[in-house]
Amino acid sequence: MTAYAIVGMYLLALVSTVEYYQRARIQRPPLGHFNWRDVLFGLGFIVLMPFFYLALPVAGVTALFALFWAMLLYSALSPFLRRFPFIVAILIVVAQYFLRSPWLADAAVIIIAACVGTTFVKNGLNSREVAAFAVLLMVYDIVFTRFAGLMMPLMQKLMEQPYFIGLVIPGNAMLGGGDVALSAVFVADMTRHFGRRGGYLTAVLLVLPMFVLPFLGPAWRTTGIPYLMFASPVYLAVRGVSGVLKARRTLAAVSPAPTPTAAPPRTRR
């Protein structure tokens, strides 16, 4: 398989998000809706976790990611499995430990990404917060990759354990779980405002920059360029244009129609 197979996996994850958003009924968290504090907390978690992963031994990272898998798969399967979703999640985690199958891992990540995107949007994360999160993570990715030089050591360590959260085509290409999950948030947000068509269109547009990556030379393989550096600007552009078009349609709908003026009466001479 070529590196372009990752394009199909990524597109499948985004399309699955559209259908997951339309079909899944997500329980709201007991503490309320997501807000700006949740965005900042999530950003701080993302900034600090790579250093934590690098400090842990591989066995510790494996145990931590197995726990993440079990929790996220349980959340993703609960809307569709009325009985024993946690047992199914545990069986998937155990199977992956023994099989170490990249295809099973990819399938799990697709389900998890669809659930994460849907959960964030349905629990109150509005478009401005999604846009702010996209900008902050794009800046963080640039700093983390280009200046700190920690991306490739981190990816190599994470891929040594069976529960790597990301899309992987063995021997060819990979896409980090954060890139996939936040892209799913973008698609879910557009699905909320514009339905399936808006979600599908956004999914296709988010995939298009992948066809540009090979023209960047070997840097996109050797330095581990985060895909959010490309996906975030695409989402911001699509969201801005669609927001303007939606505002114009709303304004046209509420504007009163001009009343025709009566013609002056004719006078006979």
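Sorting R239, R128 on the 10 Å Cβ count, fewest up front, what's the list? Walk me through the intermediate numbers first.
Values: R239 20, R128 11.
In order of increasing Cβ crowding within 10 Å: R128, R239.
With θ set to phi - 60° and the Karplus curve 6.51 cos²θ - 1.76 cosθ + 1.60, what are the ³J(HN,Hα) couplings of the stretch 46-51 in order, to the nearest whole Hz, using x for Gly and Pro?
Each residue's phi maps through the Karplus curve to give 5, 5, 8, 4, x, 5 Hz.
Along the stretch 244-250, what does the Karplus equation 6.51 cos²θ - 1.76 cosθ + 1.60 (θ = phi - 60°) give for ³J(HN,Hα), rounded to whole Hz, x for Gly and Pro?
Karplus-based 3J(HN,Hα) across the stretch 244-250 equals 5, 5, 5, 5, 5, 5, 5 Hz.
Sorted by packing (mean other beta-carbon atoms within 10 Å per residue), highest first, where do 84-94, 133-143, 108-118 land?
So the peptides 84-94, 133-143, 108-118, ranked by packing, come out 108-118, 133-143, 84-94.
Filter the trypsin sites (Lys or Arg not before Pro) in the stretch 35-113 to those in DSSP coil with at most 14 other Cβ atoms within 10 Å of their Cβ, and list the result.
Taking the stretch 35-113 and a limit of 14 other Cβ atoms within 10 Å, the loop trypsin sites (Lys or Arg not before Pro) found are R82, R83, R100.
Any chance you could check the Cα centroid distance between the stretch 129-145 and the stretch 238-252 for me, in angstrom?
25
Using the Karplus equation 6.51 cos²θ - 1.76 cosθ + 1.60 (θ = phi - 60°), what ³J(HN,Hα) coupling, rounded to whole Hz, does each residue of the stretch 59-64 give in order, writing x for Gly and Pro?
Taking θ as phi minus 60°, the curve returns 4, x, 5, 4, 5, 5 Hz for the stretch 59-64.
Bear in mind that the values in this text are calculations on the coordinates, not laboratory data. All values reported here derive from a predicted model rather than from experimental measurement. Neighbour counts run over all protein chains shown; Cβ positions are idealised from the backbone, glycine included.
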